[in-house]
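Chemist: Sending over a structure as structure tokens; questions will come in a sec.
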Amino acid sequence: MQSMLWDGQSLSLLNQTKLPAVVEYLKCTDYERIGEAIKKLEVRGAPAIGAAAAFAFVLGARQSAKSDRLLFLKDIESVDGYLRSTRPTAVNLFWALDQMMNVIKEQSDRIELPNLLNLLEQKALFIAAEDKRVNHTMAEFGAALFKEPVSILTHCNAGALATVEWGTALGVIRQAFSEGNIKRVFADETRPLLQGARLTAFELQQDHIPVTLITDNMAGWVMKNKMVDAVIVGADRIAANGDTANKIGTYSVALLSHMHQIPFYVAAPASTFDFSMATGEQIPIEERGEFEVTHFQGIQSAPDGIAVFNPAFDVTPNQYITGIITEYGVLKPNYQEEIKQLKDKMEEN
Ligand code: MRU
């Protein structure tokens, strides 16, 4: 299953707001439509948002293609600014846009515009290809943690749909399953938008990986009854000390795991680390509209005028994380030091 397909002229996005009932691709021919798709969660999941934004940047540059260099750079700034404003928490969005802006900074006064546009497309294709590659590498490191068949609980969707292909947390699960080491996956439904029920359950079922759907408030009882051996989740942003932002509800799952002495793993590529943020306290948390909470799949489920709090993410403090699975290996506490070494390795590459 492909979350996005680039044909050289447009980006087709698998519309994740319609899954699993309808499998429909949205053909986006301009950067504004991709930005809108990111805002509306038609494409979602940190690495997928980053890759989609990179392709949006290519379209935005082509839409401008002013022969005057200064006017072109002005347009680029507004494309970049618009895409950065779509969602605040997943750092992969900003990471991918930084990569695209670096091409502009390094090349815009050295080469002709058509060549620059080609370079931008090459960069976006590279970002997408790298995402696939790192997911597979990460999956191998993660699967090696399990030497015998286990049952895993996951929250939200960190699968093929949330990336360009294969997935982070679900990539690890896919790899471990292929090695005979997954008995069953418990998928939290993930209120309010049901990424677990609609997307994770769908993806795993398609791959014939045994999956049981539970509502979010069942996780503790499932753990208490020894039905889960480990938890694996994805991440939207990881601070320099290992504090991890992920879908709202992840923090509660981490606390439950801690209480039940169940290992709690985060799987995320290096592009999800934000070395500029010392702790998770600095991570911006997106707040979304109240309609998502007052209505369940479009049907009103709360009284008119009720006050609503709807943070889309929470932050799990590093002390509750057993390991962070990356394409460079599995980081273990002490995260401060391990993440510093990760940064050094990334700079060597
Ligand atoms: O609001 P969403 O659906 O974009 O949130 C997605 C998550 O929280 C995922 O767990 C995270 O982005 C990791 S995806 C590999």
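Values quoted throughout were computed directly from the atomic coordinates according to the rules given, and no laboratory measurement underlies them. From a predicted model like this one, the values you see are computed outputs, not experimental measurements. Counting neighbours? That spans all protein chains shown, and the Cβs are built from the backbone with ideal geometry, glycine included.
Chemist: Mind giving me the FRET efficiency for S301 and K18? R0 is 22 Å, r the Cβ-Cβ distance, nearest 0.05 is fine.
Modeler: Numbers: r = 20 Å, r/R0 = 0.93.
That gives a FRET efficiency of 0.60.
Chemist: Cα convex hull of the range 1-104: how many Å³ per residue? Could the numbers behind the result be given before it?
Modeler: Details: hull volume 9.0 nm³, N = 104.
Measuring per residue, one finds 87 Å³ for the Cα hull of the range 1-104.
Chemist: Another one. Defining a contact as two alpha carbons under 8 Å apart and six or more residues distant in sequence, what relative contact order in percent does the chain show? Show your work: numbers first, answer last.
Modeler: Values: 683 pairs, mean separation 53.8, N = 349.
Averaging sequence separation for qualifying contacts and normalising by length gives 15 percent for the chain.
Chemist: Return the percentage of antiparallel bridges among DSSP beta bridges fully within the range 146-249, rounded to the nearest 5 %.
Modeler: Numbers: 2 of 13 bridges.
Rounded to the nearest five, the antiparallel share is 15 percent.
Chemist: In addition: Ranking request for peptides 153-160, 255-262: highest mean number of other beta-carbon atoms within 10 Å first, then the rest in descending order. Mind showing how you got there, number by number?
Modeler: Numbers: 153-160: 29.6, 255-262: 16.5.
Going by the mean number of other Cβ atoms within 10 Å, highest first, we get 153-160, 255-262.
Chemist: Hey, another quick one. Would you kindly compute the Cα radius of gyration of the range 239-349 and its largest Cα-Cα separation (Dmax), both in Å?
Modeler: Rg and Dmax of the range 239-349, Cα atoms, are 17.0, 56 Å.
Chemist: Can you compute 3J(HN,Hα) from phi for each residue in the range 232-249, using the Karplus curve 6.51 cos²θ - 1.76 cosθ + 1.60 with θ = phi - 60°, rounded to whole Hz and x for Gly and Pro?
Modeler: Values, residue by residue: 10, 10, x, 8, 9, 6, 10, 6, 5, 9, x, 4, 10, 8, 8, 3, 3, x Hz.
Chemist: Given the -39500 (n - 2.57) contribution per DSSP H run of 4+ residues, what per-residue ellipticity at 222 nm results for the chain, rounded to the nearest 500 deg cm²/dmol?
Modeler: Values: 11 runs with 142 residues, N = 349.
Per the formula, -13000 deg cm²/dmol.
Chemist: Let me ask something else. Would you mind ranking R198, R44, R288 so that the residue whose beta carbon has the fewest other beta carbons within 10 Å leads the list?
Modeler: Values: R198 21, R44 26, R288 18.
Going from least to most buried by this count: R288, R198, R44.
Chemist: Students often get this wrong, so check it: of K183/K226; K247/K343; K27/K105; K147/K226; K74/K105, which have C-alpha atoms separated by over 21 Å?
Modeler: Values: K183/K226 13 Å; K247/K343 24 Å; K27/K105 29 Å; K147/K226 18 Å; K74/K105 13 Å.
Violating the 21 Å limit, Cα to Cα: K247/K343; K27/K105.
Chemist: Counting DSSP beta bridges in the chain, what percent are antiparallel, to the nearest 5?
Modeler: If I count the DSSP bridges inside the chain, around 50 percent turn out antiparallel.
Chemist: Could you work out the per residue convex hull volume over the alpha carbons of the chain, in cubic angstrom? Write out the running numbers ahead of the final one.
Modeler: Working: hull volume 47.6 nm³, N = 349.
With only Cα atoms used, the chain gives 136 Å³ per residue.
Chemist: Something else about it: Name the residues whose placed amide hydrogens come within less than 5 Å of the amide hydrogen of G323, ignoring near sequence neighbours (fewer than 5 apart) on the same chain.
Modeler: For G323, the qualifying residues are F264, V266.
Chemist: Turning to a different aspect of this structure: Neighbour counts of other C-beta atoms within 10 Å: give me R133, R184 arranged from fewest to most. Kindly include the intermediate steps, with their values, before the conclusion.
Modeler: Details: R133 14, R184 17.
Ranking R133, R184 by Cβ neighbours within 10 Å, fewest first, gives R133, R184.
Chemist: Continuing with the same structure: Taking the Cα centre of each part, how many Å lie between the range 133-179 and the range 29-69?
Modeler: 28
Chemist: So between K340 and N225, what do we pick up on full extension, going 0.36 nm a residue minus the alpha carbon distance?
Modeler: Working: separation 115, 0.36 × 115 = 41.40 nm, distance 3.83 nm.
That works out to 37.6 nm of additional length.
Chemist: OK, next. So between Y25 and M218, what do we pick up on full extension, going 0.36 nm a residue minus the alpha carbon distance? Walk me through the numbers on the way to the answer.
Modeler: Working: separation 193, 0.36 × 193 = 69.48 nm, distance 3.33 nm.
Full extension from Y25 to M218 adds 66.1 nm.
Chemist: Take each complete run of DSSP H in the chain, measure how far its Cα atoms stretch along the helix's own axis, and keep only those covering 15 Å or more with mean Kyte-Doolittle hydropathy at least 1.0; list them.
Modeler: Working: long enough: 46-64 (27 Å, 1.12); 69-84 (22 Å, 0.05); 91-107 (24 Å, 0.18); 113-143 (45 Å, 0.06); 335-348 (19 Å, -1.95).
Span-like helices, by this rule, are 46-64.
Chemist: Taking 0.36 nm per intervening residue step and subtracting the Cα-Cα distance, what contour gain separates N115 from Q9 on full extension? Walk me through the numbers before you get to the answer.
Modeler: On the way: separation 106, 0.36 × 106 = 38.16 nm, distance 1.60 nm.
Roughly 36.6 nm would be gained on extension.
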